[in-house]
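Shown below is the structure under consideration.
The values are calculated or read from the model by the stated rules, or taken from the named source; none is laboratory data. None of these values were measured; they are calculated from a predicted model. Only protein heavy atoms, including side chains, enter the accessible area calculation; ligands, DNA and RNA are left aside. Shrake-Rupley method; radii C 1.70, N 1.55, O 1.52, S 1.80 Å.
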Amino acid sequence: MKEISLNILDIAENSVKAGASLTEIYVKEDVDTITLTIKDNGSGMTEEVLKGVTDPFYTTRTTRKVGLGLPLLKLEAEQTGGSLSISSKHIADFPENHGTTVEAVFYKNHIDCTPLGDVVASITTLIQGHPDRDFLFEHTKGEKVASLDTRELREVLEDVPLDSYEVIKWIEEFLNEQYM
C-alpha cells in the first residue's frame, strides 16, 4: 500500500468484519521507528488461520482467492528492517477474552519506509463507515499526542449518530487541530 494510513484502514476493516465492537489503533513514533498497533475484541482467529494469515494466497474470503492486507503490511515493515507480529484468541477457545492484536514496526530512516499518510482521513472514514462500532485512536510522537475515543463522543452526543455530517466534520477538524 502507498501509505501506512491505508494499512490502518484495511486492518481495522478486518476487525469490524470479525465482529469487533471496539478497535484500538495506536501509532507511536520515536526518533527511529513508527510502531502501529491495532487491537480488537472481534472473534479472533484459530491457530490454523493465524498460521496462514500472512500468506498472500491464504484467505477466508469467498469472493477472491487471495488476501493481501496482512502480507503487504508484513512486507512493508520487514523491508525497512522492521517486523510484524500477530496474536489472536479465538472466541471458541476464549469466550470472555477474545480478539486480535497486530503490531508492525517500521524503521523511518530506511529508504523503503512507507509514509504515514493521511491518518485523519482513515480514522474519519472508519467512524463514518461504521457508526455503530467504537474506535480508540492514539498517535504519539514525542511529547505530542493526538487522540479520539468514540465512546466518549457517544456519552456527549447521546442520540446523535456518529456518521451525521456535522459530527464527521467535527471529528475531522478535531483531529487535524491536534496535528498542528
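Given the conditions (1) within 24 Å of LYS17 (Cα to Cα); (2) among the small types (Gly, Ala, Ser); (3) open to solvent by 30 Å² or more (accessible area, probe 1.4 Å), report the number of the one that SER83 does not fulfil.
Going through the list (1) within 24 Å of LYS17 (Cα to Cα); (2) among the small types (Gly, Ala, Ser); (3) open to solvent by 30 Å² or more (accessible area, probe 1.4 Å), SER83 breaks only (1).
Restricted to segment 113-128, and to residues that are open to solvent by less than 70 Å² (accessible area, probe 1.4 Å) and part of a loop (DSSP other than H, G, I, E, B), which residue is farthest from THR33 (Cα to Cα)?
GLY117
While we're here: Across segment 129-162, which residue is farthest from LEU175 (Cα to Cα) among those that are open to solvent by 50 Å² or more (accessible area, probe 1.4 Å) and in a strand (DSSP E or B)?
That would be LYS141.
Within segment 7-28, how many residues are open to solvent by 20 Å² or more (accessible area, probe 1.4 Å), of a type outside the set (A, V, I, L, M, F, W, C) and on the phi < 0 side of the Ramachandran plot?
The total comes to 8.
Continuing with the same structure: Residues of segment 1-53 being assigned to a helix (DSSP H, G or I) and of a type in the set (Gly, Ala, Ser), which ones?
SER5, ALA12, SER15, GLY52 - these are the residues of segment 1-53 that are assigned to a helix (DSSP H, G or I) and of a type in the set (Gly, Ala, Ser).
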